[in-house]
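S.K.: Just passing along the structure, written as structure tokens.
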Amino acid sequence: MRLNATAVIFLLSALGSASVAIAQEESSSPKRFEASVLAGFQALNKNDTALPDQITNVPAVGTISYSFTRNWVAEGELAWVIPVEQDIDRGPGLTQKLKTPNILAYQAGVRADWPVNATWTPYLAAGAGAVTFLSNTDANRFPALKDPQTAFALNFGAGTFYHFAGPVGLRADYRELVAFPSDSATGLSTAGSADPIWMERGSLGVSFRF
């Protein structure tokens, strides 16, 4: 009887030690995947061949990232830019209520994280991909596109994470995107020439580590 009690005590002790070891291993192993959902504003400007200056839309952004190390992260992004109708200056004394086509942006890039402490992580980011201006010929679209137009694009910017104790956190991101439509892109070029389309985006949302 004494032997059985000793064996039980030994088994419980071993299980307890194993549980503690597993818990310590899990706590020391960082969660490498992170997804974010953000929204904010996106301004399109500096494009004399297609779009009016300073037109603002609403972006809905989704990202997924994988941390290779504490500081280096690969990230993919898909953004849907929702057009907002607004007063656009079309010439001296002429103003119209117009909005851009819907825009899709898909980018892949790298993020350099600098964890300050357990909760706060600022970062720099850059990447490349494409931007697609979806077709729409409604009278209030500017430019009105019969066919979708896709352009190579780059992005760079900075942001920060604020991580709570669990998997959920807050994310703020500022990004500069620039698309390079071809000189023959119908609706995005004039007289065989197309300017880069610069887009500034500020967004705020939530992140999930897993």
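The values are calculated or read from the model by the stated rules, or taken from the named source; none is laboratory data. These figures come from a predicted structure and were not determined experimentally. Cβ coordinates were reconstructed from backbone atoms using ideal geometry, including for glycine residues, and neighbour counts include every protein chain displayed.
S.K.: Could you please let me know if ALA153 is surrounded by fewer than 19 Cβ atoms within 10 Å (Cβ to Cβ) and either on the phi < 0 side of the Ramachandran plot or in a loop (DSSP other than H, G, I, E, B) (or both)?
M.R.: For ALA153, the condition - surrounded by fewer than 19 Cβ atoms within 10 Å (Cβ to Cβ) and either on the phi < 0 side of the Ramachandran plot or in a loop (DSSP other than H, G, I, E, B) (or both) - is not met.
S.K.: Out of segment 143-186, which residues are within 13 Å of the chain's Cα centre (by Cα) and among the polar types (S, T, N, Q)?
M.R.: ASN155, THR160
S.K.: ALA74: touching a residue at least 60 places away in the same chain (Cβ under 8 Å) and surrounded by 14 or more Cβ atoms within 10 Å (Cβ to Cβ), yes or no?
M.R.: Numbers: touching a residue at least 60 places away in the same chain (Cβ under 8 Å): no; surrounded by 14 or more Cβ atoms within 10 Å (Cβ to Cβ): yes.
So ALA74 does not fit the description; no.
S.K.: Another one. Residues that are modelled with pLDDT under 95, assigned to a strand (DSSP E or B) and not polar (S, T, N, Q): does segment 56-79 have at least one?
M.R.: Within segment 56-79 (the criterion being modelled with pLDDT under 95, assigned to a strand (DSSP E or B) and not polar (S, T, N, Q)), the answer is no, since none of the residues qualifies.
S.K.: So for segment 172-183 (the condition being assigned by TED's automatic domain parsing to the domain that holds GLY109, closer than 19 Å to GLN107 by Cα and basic (Lys, Arg)), does at least one residue qualify?
M.R.: Within segment 172-183, one or more residues are assigned by TED's automatic domain parsing to the domain that holds GLY109, closer than 19 Å to GLN107 by Cα and basic (Lys, Arg).
S.K.: Just one of the numbered conditions (1) closer than 13 Å to LEU188 by Cβ; (2) outside any loop (DSSP other than H, G, I, E, B) is not true of THR121; which one?
M.R.: Single failed check for THR121: (1).
S.K.: Return the residues of segment 194-210 that are of a type in the set (A, V, I, L, M, F, W, C) and either part of a strand (DSSP E or B) or surrounded by fewer than 16 Cβ atoms within 10 Å (Cβ to Cβ) (or both); say none if nothing qualifies.
M.R.: Scanning segment 194-210 gives ILE197, TRP198, MET199, LEU204, VAL206, PHE208, PHE210.
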